[in-house]
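Below is one structure, written out as structure tokens, with a few remarks after it.
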Amino acid sequence: MSVLFVTGTGTEIGKTVTTAALAATALAQGRSVAVLKPAQTGVGPDEPGDTADVVRLAGPRVTTAELARYPEPLAPETAARRAGLPPVRPGEVAETAAKLAASHDLVLVEGAGGLLVRFDEQGATLADAARLAGAPVLVVAQAGLGTLNAVALTALALRTHGVDCPGVVVGSWPASPGLAARCNLDDLPRAAGAPLLGLVPEGSGRLPQAEFRAQAPGWLAPALGGTATL
């Protein structure tokens, strides 16, 4: 795949760190990588956003792009409306991803929050952008109790939009997983109707860049370019 969208079942679940792990793994294979953030919210004009975190972890060879930035930490449509700024449109996302794909081996498009968070006043979402781009959407999920329903709903929404889901990655796998997390290793693929493709360790986002890049391929399954056996 040359374009891969990355969504989450919610916010603050390790989506950006997972995106960085995907980028680092592709770079280790000698592939060129771009990361597109359609809508960055909750960050000021001169503050580092999610793409800066990806570069901090995966290295400076990652090309980054943002389409819009809104100061309040809200859903993109709400943040755009309150800031009096234009919203992001799905066609703009798909077009920018295609342009980046023309000069990069892999383009990662990281959404904001969950799959069906509104981009504009017409209710367009990341799923609409992925459908227009003809690209699959990787789902990043929580490890423990409550994640199965969220993953099942996200997978259902993807099917409803006619978008493929290659699998699920747990964005913050605990060092000492509880019963629910351990059971979810078997149950997440059934909830998603797609395989489990990665376990990104809790706290990975605090690793030094060299360690992050060295370890990242071991967190991801071969389908994502990694070496993990899950």
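Which ³J(HN,Hα) values in Hz, rounded to whole numbers, follow from the phi angles of region 160-177 under the Karplus curve 6.51 cos²θ - 1.76 cosθ + 1.60, where θ = phi - 60° and Gly and Pro get x?
Each residue of region 160-177 in turn: 4, 8, x, 10, 6, 10, x, x, 10, 10, 7, x, 8, 7, x, 5, 10, x Hz.
Wrap a convex hull around the Cα atoms of region 75-230, take a quarter of its surface area, and give that in square nanometres.
10.5
With springs only between Cα atoms under 10 Å, which of R131, R213, R190 fluctuates most in a Gaussian network model of the chain?
R190
Applying 1/(1 + (r/R0)^6) with R0 = 25 Å to the Cβ-Cβ distance of T229 and A175, what FRET efficiency is obtained, to the nearest 0.05?
According to the calculation, E is roughly 0.85.
Roughly speaking, what is the stretch gain from E121 to D53, that is 0.36 nm per residue apart minus the C-alpha to C-alpha distance, in nm to one decimal?
21.6 nm
Can you give the FRET efficiency for S2 and T78, using 1/(1 + (r/R0)^6), R0 = 22 Å, r = Cβ-Cβ distance, to the nearest 0.05?
Efficiency computed from Cβ-Cβ geometry: 0.10.
Per residue, what accessible area does the chain have, given a 1.4 Å probe and all protein chains present, in Å²?
43
Run the simple label-point estimate for L85 and R159 please: 7 Å along Cα→C-beta, distance reported in nm.
About 3.7 nm, to one decimal.
Would you pull out the residues with amide H under 5 Å of E66's amide H, same chain only if 5 or more places away, H placed 1.01 Å from N?
So E66 has HN proximity to K37.
For the chain, with all protein chains present and a 1.4 Å probe, just round the carbon and sulfur fraction of the accessible area to a whole percent.
In the chain, the share of accessible area belonging to carbon and sulfur is 53 percent.
The values are calculated or read from the model by the stated rules, or taken from the named source; none is laboratory data. Note that the structure is a prediction, hence the values are computed from the model and not measured. FYI the Cβ positions are ideal-geometry reconstructions off the backbone, even for glycines, and counts take in every protein chain you see. These accessible areas exclude ligands, DNA and RNA; they are computed on the full protein's heavy atoms, side chains included. Shrake-Rupley method; radii C 1.70, N 1.55, O 1.52, S 1.80 Å.
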